Amino acid sequence: MPHLLVHKTQLNKVQQSADSKPELKDGEILFKVEKYALTTNNITYAVCGFNLKYWNFFPSTEKDLGIVPVWGFAEVVDSKHDAIEVGERCYGYFPMADYLKVEAGKISEYGFSDVVDHRRPLSPIYNFYSRLAADQSFDESLADYIPIIKPLFATSFLIYHHLKESNFFEGEQVILTSASSKTALALAYMLKENAKADGQKIIGLTSTRNVEFVESTGYYDAVISYEDYTSKLTHSPAAIVDFAGNTALLQGINDLLGDHLKNIVLVGLTDWQSEKAFKEVPKSAFFFAPTHIQQKYQDWGAEKTNSLLNAALMGFVKDSQKMLDLEYVTDKEALAALYLQMLGGKVDPKKGYVVVID
Ligand SMILES: NC(=O)c1ccc[n+]([C@@H]2O[C@H](COP(=O)([O-])OP(=O)(O)OC[C@H]3O[C@@H](n4cnc5c(N)ncnc54)[C@H](OP(=O)(O)O)[C@@H]3O)[C@@H](O)[C@H]2O)c1
C-alpha cells in the first residue's frame, strides 16, 4: 500500500491510496518495508522524476501520480525463490509503501537485484538489495542512522575522491553550498579528516538560520551565510561543490572570484524552486553518484570500494549520533505533512527523519 503518492508535475499535491498485498510468481519475493529515511535527497528524486527517471522505479497505477523512492530496510515475508528465505532482512531502495515485490536475480551471498523488466534500464546501484546477515559492518544499534546517512555519505565519499584525483582543481579552498545538508556535512567530514594531507580550507555557505548549527559541527574552517558571501569569501583559488542548485548564486560567486574559481561540481538541487540555467554556469559539470560508483568498482574493485566506504561511513555515523536528533514518523498523515514541509525547505537540518509505518 503506498504511504504517499505525489503528483508528478505539481509536487505539492499528495494523495494516499489503498492497494492489495501482491501475489507472487515463481522467482519473486515479497518485501515488507520496515523503515526508511526521508531527506531533501528524496525531494530531489521527485524534482528530477522525469529527467533522471526516478518515477520509473516503482510505477504507480494512479494516473499522473508517482511513488518517491526511499532508502531503508525491509524483511522478506514471502518467497517463491529457492535462494531467498522468509525472514531475511535487506537494505536498499524501496517505494514509500508497505510492500515491494521483487523479481530476484544476480544472487550472491552479499545480496541480489530486482531484475524486473521496468528496472533493468535503471542504474544497477538502485536495484541491488544487500543482505544484512552478510554485512560485517552492520550494527543494529546504529540502524536508524543508516538509511539517513549511507546513501548521502556514499555520494560524498565519491565526491571527495573525485576532488582529490583532480588535485582539487588546483584550488586552495573547497566551497560547499547548502552546507547544512547531510550530503554536504558528509563531504565536509571527509575533507576535515584529510585536511592535513590535502591542505584545503573548507568553506560552508548556508542560510542565516542554519549558520549556528553548521558552525557547531566543527567541520568547516568558515561558515558564511548566503547574504554575506560577497564580503566574506576569500579571493583565493577555489572549487565549489554545489548542493543547492541555485544558478544565480553560482554566477555571483563566479563574478566575485573570477579566475580564482577553478571548477564547480554540480551535485544537488536543495533550492529546487530557484531559477535554473546550468548551461550558463561556467566551469561546471554534473556529478551523478551512481555513475561514479560504477567507475570506482571498475578501478578499485567492489570489495575494496565497499570496505573503504564502510570504514569511512562508520566514523561519520558516530558523529551523526551527536549531531542529529532522530524523529520518528509513524502514520501517513504525519508523513504527508513532513514531505510538504521538506518540499518547502522548512525542516531543521539537525533532525533526521525515520518513517516506520505498520
Ligand atoms: N548527484 C547525486 O548523485 C546526489 C546524491 C546524493 C544527494 N544529492 C543531492 O544533495 C542534496 C542534499 O540532500 P540531503 O538529503 O543531504 O539534504 P538535507 O540534509 O535534507 O538538507 C537540508 C538542507 O537543504 C537546504 N534546503 C532544503 N530544502 C530547501 C528549499 N526548499 N529551498 C532552499 N534550500 C533548501 C537547506 O540548507 P541550507 O540552508 O544550508 O542551504 C536545508 O538545511 C539534494 O539535492 C540531493 O538530491 C545528489
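Any read-out appearing in this document is the output of simple, stated calculations on the displayed coordinates, not a laboratory observation. Keep in mind the model is a prediction, meaning the values are calculated, not measured. We place every Cβ from the backbone using ideal geometry, glycine too, and count neighbours over all the protein chains shown.
Shown here: the chain, whose C-alpha atoms stretch 62, 43, 37 Å along the first, second and third principal axes, sorted largest to smallest. Loop-located chymotrypsin sites (Phe, Trp or Tyr not before Pro) in segment 269-358 (DSSP state other than H, G, I, E, B) with a sparse environment of at most 15 neighbouring Cβ atoms within 10 Å: F288.
At R0 = 22 Å, how high is the FRET efficiency between K63 and L24 if r is their beta carbon distance? Nearest 0.05 is fine.
The pair K63/L24 has a calculated efficiency of 0.25.
When the pairs K13/K318; K276/K318; K8/K283; K192/K276; K150/K346 are compared against a 25 Å limit on Cα-Cα distance, K13/K318; K276/K318; K8/K283; K192/K276 fall above it.
Between G199, G245, G49, the residue with the greatest mean-square fluctuation in the GNM of the chain (Cα pairs under 10 Å linked by springs) is G199.
Test of the criteria: in segment 211-260, which GluC sites (Glu not before Pro) are in a DSSP loop and have at most 13 other Cβ atoms within 10 angstrom of their Cβ? Passing both the DSSP loop test and the Cβ count: E227. A straight Cα-to-Cα reach below 17 Å connects K25 with the lysines K80, K101, residues fewer than 8 places away in its own chain not being considered.
What 222 nm value per residue comes from the helices of the chain, counting each DSSP H run with n ≥ 4 as -39,500 (n - 2.57) and dividing by all residues, nearest 500 deg cm²/dmol?
That calculation yields -9500 deg cm²/dmol at 222 nm.
Of all the options L24, L100, L313, the one that moves most in a Gaussian network model of the chain with Cα springs shorter than 10 angstrom is L24.
Loop exposure criterion: trypsin sites (Lys or Arg not before Pro), DSSP state outside H, G, I, E and B, at most 11 other Cβ atoms within 10 Å. Applied to the chain, the longest stretch between such sites is 64-345.
Here segment 90-121 and segment 319-357 have alpha carbon centers that stand 25 Å from each other. Normalised by 2.2 N^0.38 Å, with N the number of residues, the alpha-carbon radius of gyration of segment 151-290 equals 0.93.
Taking loop as defined by DSSP and a crowding limit of 14 other beta carbons within 10 Å, which chymotrypsin sites (Phe, Trp or Tyr not before Pro) in segment 1-92 fit? Don't skip to the answer; put the middle values down first.
Numbers: sites: F31, Y36, Y45, F50, Y54, W55, F57, W71, F73, Y91; in loops: F50, F57.
Those satisfying the criteria are F50.
Approximating the spin labels as points 7 Å out from Cα along Cα→Cβ, the K196-to-D259 distance works out to 3.5 nm.
Here the dipole of segment 239-348 is about 320 debye; that uses its Cα centre as origin and unit charges on the Cβ of Lys and Arg (positive) and Asp and Glu (negative).
Place a +1 charge on the Cβ of each Lys and Arg in the chain and a -1 charge on the Cβ of each Asp and Glu, then give the dipole magnitude about the Cα centre in debye, rounded to the nearest 20.
My answer is approximately 540 debye.
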